[in-house]
Protein chains: 2
Amino acid sequence: MDVIVQKYGGSSLSTLAKIDALAEAIAKREAGAERLVLVVSAMGNTTDELLKMAHTLSPRPPEREVDMLLTTGEQVSIALMAIALAKHGADAISFTGGQVGIRTSEHHTKARIESVSADRILPHLQERRIVIVAGFQGVAEDDSLTTLGRGGSDITAMALAVALKAKRLEKYTDREGVYTADPRIHPQARTIPRLSYQEMLEMSHTGAKILHPRAVFFAWKFGVPILVRESMGEGSGTLIEEMEENVEQAIIRGVTHDASVAKITVYDVPDVPGIASTIFEELAKREIGVDMIVQSNTEEATNDISFTIKRADVGSTVEALNALQMKGAKVHADPEVARVSLVGLGIKTETAVASKMFRALADRGINIQMIATSDVKISCVISEVQVKDAVQAVCKTFGL
Amino acid sequence: MDVIVQKYGGSSLSTLAKIDALAEAIAKREAGAERLVLVVSAMGNTTDELLKMAHTLSPRPPEREVDMLLTTGEQVSIALMAIALAKHGADAISFTGGQVGIRTSEHHTKARIESVSADRILPHLQERRIVIVAGFQGVAEDDSLTTLGRGGSDITAMALAVALKAKRLEKYTDREGVYTADPRIHPQARTIPRLSYQEMLEMSHTGAKILHPRAVFFAWKFGVPILVRESMGEGSGTLIEEMEENVEQAIIRGVTHDASVAKITVYDVPDVPGIASTIFEELAKREIGVDMIVQSNTEEATNDISFTIKRADVGSTVEALNALQMKGAKVHADPEVARVSLVGLGIKTETAVASKMFRALADRGINIQMIATSDVKISCVISEVQVKDAVQAVCKTFGL
């Protein structure tokens, strides 16, 4: 039995008319040997609207109750999708996350999936029924409803694909696939036909919002190919799968950028053993995620440490650093930086790639503040106002 | 531990401001020895809006999926109420019907509660936590979500009151209590301070929409007093409880009316044994509820049978009767009738009550088409256009 898991986001389900059209297309397609599992998000901006209600009532709504509220969004979607599919003659049945045995940790609003049971879905698939599952949600050990955080429906879809040993995960969005660069900045950007898991993971981490990094990580770990396509489009989309590295040579896939970054520099950090780990332990304790880190040793008995964080975490980061009371250290926050990254298997094979990227930026007068590299990625931190320029320059240099 | 179950309807929860004000009042009150369980309905017209969505997508949405959709309405309410109570300093926790073990039959959109577990609620009450439960919903044996039909939140509240051995069920509405007559028809109508279960049951059955008859039935069966009050009002409301009959004498409580009634007459029914049961079995099989039945024996070998049904059932009733192919019988439907009922313990003790009621109607030129009586009720079927006249006439005669 070939199982395909399809994931539909809120923009594909923002009106009853869209749900109806989508159901019609799915009902028509459902004829071959493949069995379908649909994972759906809440309609349009429902999640934001529900959150707004919670915050209108209270500045600090209890997270357990926020989850109780938010999970209704996807429940509405699965019911409406089942109703629409039935009208178009398809045999379909809907389930909440809890009903299909998606068990999670108890971290409300950002729970992690602990286990998924295929037992509740397989009998329906065997009877050729389309199974519709609410994304983004699960049930904790204490039976309370949980949500998986932003992009959580991708995680649900991937977890189900793994549990059902699916042939493929198809993610439907309002975009044609994964682009070589953001088309709003670089209108000539193209859809990338194929990507390796590692490349997609780097793209997700560095700013491509099309797939949640955790979903890509699971796809890689369990070898589930992902096809990213436009909901009602004609294009063939982007296929993310395992690739033999020696077959591909010097390939540059695309440019990503993230303009919601801030740079923190701590000057004159006392040069005592363990001071860096003290800093980053303190940030981890406060659940502040740190991305790039650069430490510069000076001749003196102090160091400068720079790192990037999400812009929203600037306040809590500065607070955390001040709480450490490092003697003589000065904390400086620059919230107006951005990260531009070049991703592709070619980066580790061709050493000239990095220097070509730095040259492209320098030629436009863009100063590089920090650099980080991996096997398949080079990231540069630059001033936020220069992001557009930087993306266009790199695209031009590498023909993206 | 004295447990009070409070039930709040959609009109008390139609806006975030109303939820906030209600939560503030409840949080203030929650100080004494009593422990609170709140049962809430969906906000305002949410249920109707959700139903409309389902019917926009499909003329016949599958009932299992309609339940999946509708249950989100109450889930939103419990979450918002918990968030609002927390803001006002109360310790509160919300639960769906399924989470507190409300098990029902599998009749989607009109399920019956089969069992309720107090185990999941009691530990929270012992810790002085306010427990908020979603009304109208439960879980069937196959783990699917179910709803209890219109007014189902009353049933949820009553089932919980019984399971928790509650001291009292308090039903909060936008009315001051149970009135002697509908104030829209008879502006001088008063709130009735006390009613017996049997009287309230008759009032609910005959048109007082303030309490679901099944909820009153359970209250009577298990001896749970019900207090009907206005949500944010000052009045003391109506208390429904067991009453010693000899203490009360010749009491007339109020007039109810139901203008959504239709009368069906089958003329020339063959006078063969069991023909009446054949008719009503056929209707029961199609889930058509029959209210008053009058059978008139004629001199000939045929009978006439008249009965009342809900107006919405006229089409399916005529269809059912025609399907029986009763030789020579003629079916006549009159959808423009109404039922006016007088309720009170006095009816069985004072024989003159019935004749006084008939006289009141006759004096206004109102023709009585059918009559049905019980220990505490007299119902008359009249022409729908005369309802207002009839209610006012009866009120005047009995000083209501």
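Simple spin-label estimate for B:Ser117 and B:Asn367 gives 6.0 nm between the two label positions (7 Å along the Cα-to-Cβ direction from each Cα). Note on A:Glu282 and B:Lys167: the model spin-label points, each 7 Å out from Cα along the C-beta direction, lie 5.3 nm apart.
Residues of region B:139-177 falling in the label zone of B:Glu49, defined by backbone nitrogen less than 16 Å from a point 7 Å along Cα to beta-carbon, are absent.
Footprinting exposure proxy ranking of A:Met158, A:Met326, A:Met81, fewest other C-beta atoms within 10 angstrom first, gives A:Met326, A:Met81, A:Met158. Please work out the Cα center distance from region A:4-35 to region B:21-80, rounded to the nearest Å. Centre-to-centre (Cα) distance: 28 Å.
Lysine pairs, Cα distance under 23 Å, 8 or more residues apart or cross-chain: how many in region A:1-129? Lysine pairs meeting the criterion: 8. Residue of B with Cβ nearest the axis relating B to A, plus distance in whole Å? In chain B, the Cβ lying nearest the symmetry axis toward A is B:Thr72, 2. Scalar couplings 3J(HN,Hα) for region B:167-184, obtained by applying the Karplus form with A = 6.51, B = -1.76, C = 1.60 to θ = phi - 60°, are 5, 6, 9, 10, 9, 9, 9, 8, 10, 6, x, 8, 9, 5, 7, 5, x, 6 Hz; x denotes Gly and Pro. Take the Cβ atoms of A:Asp174 and B:Ala259, set R0 to 60 Å, and the FRET efficiency comes out at 0.75. Of the residues B:Val116, B:Val228, B:Val40, the one that moves most in a GNM of chain B with alpha-carbon contacts below 10 Å is B:Val116.
Would you mind giving the mean number of other chain beta-carbons within 10 Å of the Cβ of each residue in A:49-56, as a whole number? Working shown, then result.
Working: counts 0, 3, 0, 1, 7, 5, 1, 7.
That works out to 3 on average.
Sorted from closest to farthest, the other copies place their A:Asp363 label points 10.4 nm away, with each point set 7 Å from Cα along Cα→Cβ.
If a/c stays under 1.5 just call it rounded; otherwise compare a/b with b/c (prolate if a/b is bigger, oblate if not). Do that for the protein assembly as shown, with a ≥ b ≥ c from the square roots of the Cα gyration tensor eigenvalues. Write down the numbers at each step before the final one.
Numbers: a/c = 3.30, a/b = 2.03, b/c = 1.63.
It is prolate, given that a/c is not under 1.5 and a/b is the larger ratio.
Close amide-amide hydrogen proximity is noted between B:Arg112 and B:Ser105, B:His107, each under 5 Å apart and 5 or more residues distant or on a separate chain (H modeled in the peptide plane; Pro and chain starts excluded).
Summary of the geometry: region B:300-331 and region B:152-192, compared by the centres of their Cα atoms, lie 36 Å apart. Residues B:Arg253, B:Arg129 in ascending order of nearby Cβ atoms (within 10 Å, fewest first): B:Arg129, B:Arg253. Taking every alpha-carbon pair under 8 Å whose residues sit at least 6 apart, chain A reaches a relative contact order of 14 percent.
Pick out, in residue order, every one of the GluC sites (Glu not before Pro) in region B:6-55 that is DSSP loop and has at most 11 other C-beta atoms within 10 Å; say none if there are none. Provide the component values of the computation, followed by the final result.
Numbers: sites: B:Glu24, B:Glu30, B:Glu34, B:Glu49; in loops: B:Glu30, B:Glu34.
Qualifying residues, ordered by number: none.
Within the shell defined by Cβ-Cβ distances under 11 Å, the residues around A:Arg120 carry a net charge of -3, with Lys and Arg each +1 and Asp and Glu each -1. Nearest 10 degrees, 0 to 90: what angle lies between the long axis of helix A:352-363 and the longest principal axis of chain A (Cα atoms)? Approximately 70 degrees, to the nearest 10. Relative to a virtual label point 7 Å from the Cα of A:Ser14 in the Cα→beta-carbon direction, which members of region A:36-55 show backbone nitrogen distances below 14 Å? Under 14 Å, as judged by backbone N against the label point of A:Ser14, lie A:42-49 of region A:36-55.
Which Cα, out of B:Leu13, B:Thr373, B:Gln198, lies furthest along the positive dipole direction of chain B (beta carbon charges, K/R +1, D/E -1)? Result: B:Leu13. With its label point put 7 Å out from Cα toward Cβ, A:Arg120 sits 1.3 nm from the same residue's point in the other copies, in order from shortest.
What separates the Cα centres of region B:335-377 and region A:136-151 is a distance of 57 Å.
Computed from Cα atoms, the angle from the helix A:314-323 axis to the main principal axis of chain A rounds to 50 degrees. Sorted shortest first, the distances from the B:Val272 label point to those of the same residue in the other copies are 10.5 nm; each point sits 7 Å from Cα along Cα-to-Cβ. Each Lys and Arg Cβ is given +1 and each Asp and Glu Cβ -1; about its Cα centre, chain B then shows a dipole of about 820 debye. Amide H contacts of B:Leu227 (H built 1.01 Å from N, in plane; Pro and chain starts excluded): B:Leu169, B:Glu170, B:Lys171, B:Ile240 sit under 5 Å, all sequence-distant by 5 or more or on other chains. Net charge dipole, region A:261-400: roughly 560 debye, given to the nearest 20, about the Cα centre with Cβ charges of +1 for Lys and Arg and -1 for Asp and Glu.
Highest GNM mean-square fluctuation, chain B, Cα pairs closer than 10 Å: which of B:Ala189, B:Ala219, B:Ala161? In this elastic network of chain B, the residue with the biggest mean-square fluctuation among B:Ala189, B:Ala219, B:Ala161 is B:Ala189. Simple rule: put +1 on each Lys or Arg Cβ and -1 on each Asp or Glu Cβ in region B:255-398, find the dipole, and look at B:Ala262, B:Met357, B:Val272; the Cα lying farthest toward the positive end is B:Met357.
Of all DSSP beta bridges confined to region B:3-174, the antiparallel ones make up roughly 20%.
A straight Cα-to-Cα reach below 29 Å connects A:Lys327 with the lysines A:Lys263, A:Lys285, A:Lys310, residues fewer than 8 places away in its own chain not being considered.
Springs between Cα atoms under 10 Å define the GNM used for chain A, and in it the highest mean-square fluctuation of A:Tyr172, A:Tyr267, A:Tyr197 occurs at A:Tyr267. Dipole magnitude for the protein assembly as shown: about 800 debye, using +1 per Lys or Arg Cβ and -1 per Asp or Glu Cβ, origin at the Cα centre. Near B:Gly254, the amide H atoms lying under 5 Å from its own belong to B:Val343; only residues 5 or more places off or on other chains count, and H is placed 1.01 Å from N. Relative to the longest principal axis of the Cα atoms of chain B, the long axis of helix B:16-29 lies at roughly 70 degrees.
Each other residue within a Cβ distance under 15 Å of A:Ile210 adds +1 if Lys or Arg and -1 if Asp or Glu, for a net charge of +2. Rounded, prolate or oblate: pick one for region B:3-174, where a ≥ b ≥ c are the square roots of the eigenvalues of its C-alpha gyration tensor, a/c under 1.5 means rounded, and failing that, prolate if a/b is larger than b/c, else oblate. Oblate.
Bear in mind these aren't lab numbers, they're just calculated from the coordinates by the rules spelled out. Source: prediction; values computed, not measured. When we count neighbours, we look across all protein chains shown, and the Cβ atoms used for this are built from the backbone with ideal geometry, even at glycine.
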